[in-house]
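Asker: Quick one: the structure is below, questions incoming.
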Amino acid sequence: DEFVIQKKAILTEEFLRACFAKHDIIGAKEAISKLLHFTEMLYSQGLVVYCLQFLNNFGFVEDEPIRIDVEHLRYDPSWKKRASQHLKKELVNFRAWLVIKGTAEVVDHFDRVSPPP
């Protein structure tokens, strides 16, 4: 059996809920920016991430994003060509969750930093 040992991370959903509970809008916005940048970096390197599930498959160690579920990662340089469309599709659910759980300011920030639809 293969496995990866990594530091314990706080799931993205829990991390953002904690930011919202503390009214830490700046922390939530920074987390979203870092998470999206991190995901785009994976794509640009040709790492295939079929099931993003931003809220449950990513998390934060301190304030840095990390991919928690690494089981389905693989390298495929041709993936770079499809990455943009896949990312846009996957962002829909993340944004919907932010609309329900976050604030208008956080959703506006998400809309500014995420790739256009």
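Asker: Send over a whole-number figure in Å² for the accessible area per residue of the chain, probe 1.4 Å.
Answerer: 62 Å²
Asker: Moving on to the next point. How big is the chain in terms of Cα radius of gyration and Dmax, in angstroms?
Answerer: Considering the chain through its Cα atoms, Rg and Dmax are 14.1, 45 Å.
Asker: Considering only protein heavy atoms and a probe of 1.4 Å, how much of the accessible area of the chain is carbon and sulfur, as a whole percent?
Answerer: C and S atoms contribute 56 percent here.
Asker: If you place +1 on the Cβ of every Lys and Arg, -1 on the Cβ of every Asp and Glu, and leave all else neutral, what size is the dipole of the chain about its Cα centre, to the nearest 20 Debye?
Answerer: Details: 16 positive and 17 negative charges, 77 e Å.
With Lys and Arg at +1 and Asp and Glu at -1, about 380 debye.
Asker: Would you mind checking the pairs K80/K101; K34/K81; K22/K81; K81/K101 and listing those with alpha carbons more than 29 angstrom apart?
Answerer: Beyond 29 Å between Cα atoms: K80/K101; K22/K81; K81/K101.
Asker: Moving to a separate point now. List the residue ranges in the chain for DSSP H helices whose C-alpha atoms run 15 angstrom or more along the long axis and whose Kyte-Doolittle average is -1.0 or above.
Answerer: Values: long enough: 25-44 (28 Å, 0.56); 80-101 (32 Å, -0.60).
Long hydrophobic helices here: 25-44, 80-101.
The values are calculated or read from the model by the stated rules, or taken from the named source; none is laboratory data. Values in this document were obtained by computation on a predicted structure and should not be read as measured data. Glycine gets a Cβ as well: all are built from the backbone with ideal geometry, and neighbour counts include every protein chain shown. Only protein heavy atoms, including side chains, enter the accessible area calculation; ligands, DNA and RNA are left aside. Shrake-Rupley method; radii C 1.70, N 1.55, O 1.52, S 1.80 Å.
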